[in-house]
Amino acid sequence: MISRRRFLQSLGVGAAAGAALASAPFSLEAFEPSRHGQAVDAKSALGANRASAVLLNSNENAYGPLPSASKIMQQSLAWANHYPDFDYDALVLAIADSHKVKPHQVLTGCGSTEILRTSAVTFLGPGKKLVVASPTFEAIGEYARVTGAEVVKVPLTSGYAHDLDAMLAQAASAPSLIYICNPNNPTASLTPRKDLETFVAKLPANSYVLIDEAYHHFATESPEYVSFLEKPIDDRRVIVARTFSKIYGMAGMRLGYGVSAPETAQVMRRCQLQDNVNMVAAQSGLASLQDPEAMHSAARRNAADRQEFFSQAARRGLKPIPSYANFAMMDASHPATQVASYFKSKGILIGRRFPPMDNFVRISFGLPQQMQQFWKVWDGMKTT
Ligand SMILES: Cc1ncc(COP(=O)(O)O)c(C=O)c1O
C-alpha cells in the first residue's frame, strides 16, 4: 500500500491540470455555513445538556453510527499519535473499490461540504457562475460568492425537481458550475435520472456539474433515481459527492468524498487541505463501508420511520412533499420561523426557514419516541 504522501506525489499535477488551475482563485476568506448558529440555538433552547435535546433540524441519523463503526471509533483512539496515512489509503481504496473506480478518482473531504467547497474553489471565480436550485442546500453558494462568482438561483419545478432547462439556459452565458442536489435538501424530492442524462448531454463544454448524492441511500427504491456512481457516465465534467453523515450516522466525524474523472480529481485535489481526514474518521468510515448489511438495515429503518411520519401526517390532513430522504418538508400554513420557534420553546429543533418556501417546515426523522414528542407538540400548536 502506498503511503498518502507518496500517493499524492505520484499523482502530481500535470500540464493540463496546471493550466486549468491558473484560473482558480485562492483568496478564500474564512467562514462557515450556519450550523454553528444552530448549536447556539440548541443550547439556549434546551440548556447545555445536549442529551436532552430533540434535534430534528440537521438531517442527522438519530440512531448513531453503525455498531461496527462505533466499535472501531473507540479502538482507533489507540493510534491517535500517528498521522493517518495508512488509514487514509485503506479508506480511499475501499471507496474506489465500492464504486469500481481508480483510487486517484476519489477525493476525500472533511465532510462532503469540503467537496462542495473544493468544487467551488476549483471551478469558479470572477466572470463565472454557480447555478443552483431554489431552495437547495446552501453551503456551496456561500463558497462560490467568496471566489467572486455570481450565484444564480433557479426555482424548482412545480414537482420539486431541478428545472434543468432553466439551469442550462443560465450556463449558456458564462462558464458555470451547476449544483444538483439529488435527492434535494430541503424538499427531499427527486430529479429523474433520465432528465439528468439529457441535461449532461447538453451541458456547455466549459461547464461542470456537481451532483450531490448525500441522501443516496434513502432513495434507491425509486425507479426514477439512479446514482451517478452506481451507473456512471463517462464525462470529465461530472463530479459526484457523497457523505458519511447521513446513512452512516457519522456527521460529527466529518467525512465525505467526491468521485470524478482522473483529470478533474487531479485539478480539484490541488485546492484541498492535505491530511483533511482524521484517523478516527478514516477507520470508522472504512468499517462502515465494510458493513453493507448494517447499512441496508439502516435504510430499511429509515423507510419505516418515513412511512410512520407520512401516516401521522395523513391522519392530520397534512400532505408532506413525497420524501426520498431521512427528512420531509411540509406546508405548515404558518411562517416556518414562527413554527420553528414554537417547537424550540418546547425543546425541539426543526429545520429553519428555506426561502422562498416560507410556510414550509423541514423535519428530520428522529427516534420513534422523539417523533411522538414532535407530533404532540404539533397538535398543541394547532390548538393554541
Ligand atoms: C445535500 C447536502 N450536501 C452536503 C451536506 C453536508 O454534509 P457533510 O456532513 O458531509 O459535510 C449536507 C448536510 O446536511 C446536505 O444536506
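The values are calculated or read from the model by the stated rules, or taken from the named source; none is laboratory data. Values in this document were obtained by computation on a predicted structure and should not be read as measured data. Ideal geometry is used to build each Cβ from the backbone, glycine not excepted, and the neighbour counts take in all protein chains shown. Accessible surface is based on the protein model in full, side chains and every heavy atom, while ligands, DNA and RNA are left aside. Shrake-Rupley method; radii C 1.70, N 1.55, O 1.52, S 1.80 Å.
With an 8 Å Cα cut-off and a minimum separation of 6 or more residues, compute the relative contact order for the chain in percent. Please report the intermediate quantities before stating the final value.
Working: 696 pairs, mean separation 89.6, N = 384.
The value is 23 percent.
Relative to the Cα centre, what is the charge dipole magnitude of the chain, using +1 at the beta carbon of each Lys and Arg, -1 at the beta carbon of each Asp and Glu, and rounding to the nearest 20 debye? If you can, show how the numbers build up before the last one.
Values: 38 positive and 32 negative charges, 116 e Å.
So the dipole magnitude of the chain works out to roughly 560 debye.
So, by mean Cβ neighbours within 10 angstrom, what's the order for 124-134, 198-208, 178-188 with the highest one leading?
Working: 124-134: 20.5, 198-208: 15.3, 178-188: 25.9.
Sorting 124-134, 198-208, 178-188 by mean packing, highest first, produces 178-188, 124-134, 198-208.
Once you have the Kirkwood Rh of the chain from its Cα pairs, apply Stokes-Einstein at 20 °C and 1.002 mPa s and quote D in µm²/s.
On the way: Rh = 21.5 Å.
D, rounded to a whole number, is 100 µm²/s.
Compute the FRET efficiency between Q290 and D379 as 1/(1 + (r/R0)^6), taking r as their Cβ-Cβ distance and R0 = 45 Å, and round to the nearest 0.05.
Working: r = 43 Å, r/R0 = 0.96.
About 0.55, to the nearest 0.05.
Based on the Cβ-Cβ distance of E308 and S98, what FRET efficiency does E = 1/(1 + (r/R0)^6) give at R0 = 45 Å, to the nearest 0.05? Please report the intermediate quantities before stating the final value.
Values: r = 30 Å, r/R0 = 0.67.
Between E308 and S98 the formula returns 0.90.
Report, in deg cm²/dmol and to the nearest 500, the calculated mean residue ellipticity at 222 nm for the chain, where each DSSP H run with n ≥ 4 adds -39500 (n - 2.57) and the sum is divided by the residue count. Write down the numbers at each step before the final one.
Working: 14 runs with 160 residues, N = 384.
So the calculated ellipticity at 222 nm is -13000 deg cm²/dmol.
Calculate how many DSSP beta bridges within the chain are antiparallel, expressed in % of all such bridges and rounded to the nearest 5. All intermediate terms of the calculation are to be shown ahead of the outcome.
On the way: 14 of 35 bridges.
Of all bridge pairs located within the chain, approximately 40 percent are antiparallel.
Suppose the chain between R236 and F86 were pulled fully straight at 0.36 nm per residue; how much longer would it get relative to their current alpha carbon spacing?
Working: separation 150, 0.36 × 150 = 54.00 nm, distance 2.86 nm.
Length difference between fully extended and current span is 51.1 nm.
Leaving ligands, DNA and RNA out of it, work out the accessible area of E230 with a 1.4 Å probe and give it in Å² to the nearest 10.
Rounded to the nearest 10, that gives 120 Å².
Which sequence of D97, D87 reflects their accessible areas, 1.4 Å probe, from the largest down? Each step should come with its number before you reach the end.
Numbers: D97 115, D87 30 Å².
Largest to smallest exposure gives the sequence D97, D87.
Which of K128/K153; K129/K231; K319/K376; K71/K346; K129/K202 have a Cα-Cα distance over 25 Å?
On the way: K128/K153 14 Å; K129/K231 28 Å; K319/K376 18 Å; K71/K346 34 Å; K129/K202 17 Å.
Pairs exceeding the cut-off: K129/K231; K71/K346.
Going by accessible area, probe 1.4 Å, with all protein chains left in place, what is the ranking of W375, W79, largest first? Please report the intermediate quantities before stating the final value.
Numbers: W375 15, W79 145 Å².
Sorted descending by solvent-accessible area, the residues read W79, W375.
Quick one: dipole size for the range 234-384, taken about the Cα centre, charges +1 on Lys/Arg Cβ and -1 on Asp/Glu Cβ, in debye to the nearest 20.
Working: 20 positive and 11 negative charges, 100 e Å.
Computed about the Cα centre, the dipole is about 480 debye.
Quick one: Karplus J couplings for the range 320-331, per residue in order, coefficients 6.51, -1.76, 1.60, θ = phi - 60°, nearest Hz, x for Gly and Pro?
Couplings: x, 4, x, 9, 10, 9, 9, 7, 9, 10, 8, 6 Hz.
Putting +1 on Lys and Arg Cβ atoms and -1 on Asp and Glu Cβ atoms, find which of T122, L203, N326 reaches farthest to the positive end of the dipole of the chain.
N326
Between the range 171-196 and the range 232-309, how many Å separate their Cα centres?
Answer, in whole Å: 19.
Calculate one ³J(HN,Hα) per residue across the range 172-178 by plugging θ = phi - 60° into the Karplus curve 6.51 cos²θ - 1.76 cosθ + 1.60, and present them in order as whole Hz with x for glycine and proline.
Computed from phi, the couplings for the range 172-178 are 5, 9, 6, x, 9, 10, 9 Hz.
What is the magnitude of the charge dipole of the range 295-384 about its Cα centre, with +1 placed on the Cβ of each Lys and Arg, -1 on the Cβ of each Asp and Glu, and no other charges, expressed in debye to the nearest 20?
It comes to approximately 80 debye.
Can you give me the long-range amide H partners of Y208? Hydrogens built in the peptide plane at 1.01 Å from N, cutoff under 5 Å, separation of 5 or more residues or another chain.
Residues meeting the criterion, in which the H sits 1.01 Å from N, are S176, L177, I178.
Students sometimes get this wrong: rank Y83, Y215 by accessible area, probe 1.4 Å, all chains present, largest first.
On the way: Y83 160, Y215 10 Å².
Largest accessible area first, the list is Y83, Y215.
Using a 7 Å offset from the Cα along the Cα-to-Cβ direction at both S297 and S341, what is the distance between the two label points in nm, to one decimal?
My value for the distance between the label points is 4.4 nm.
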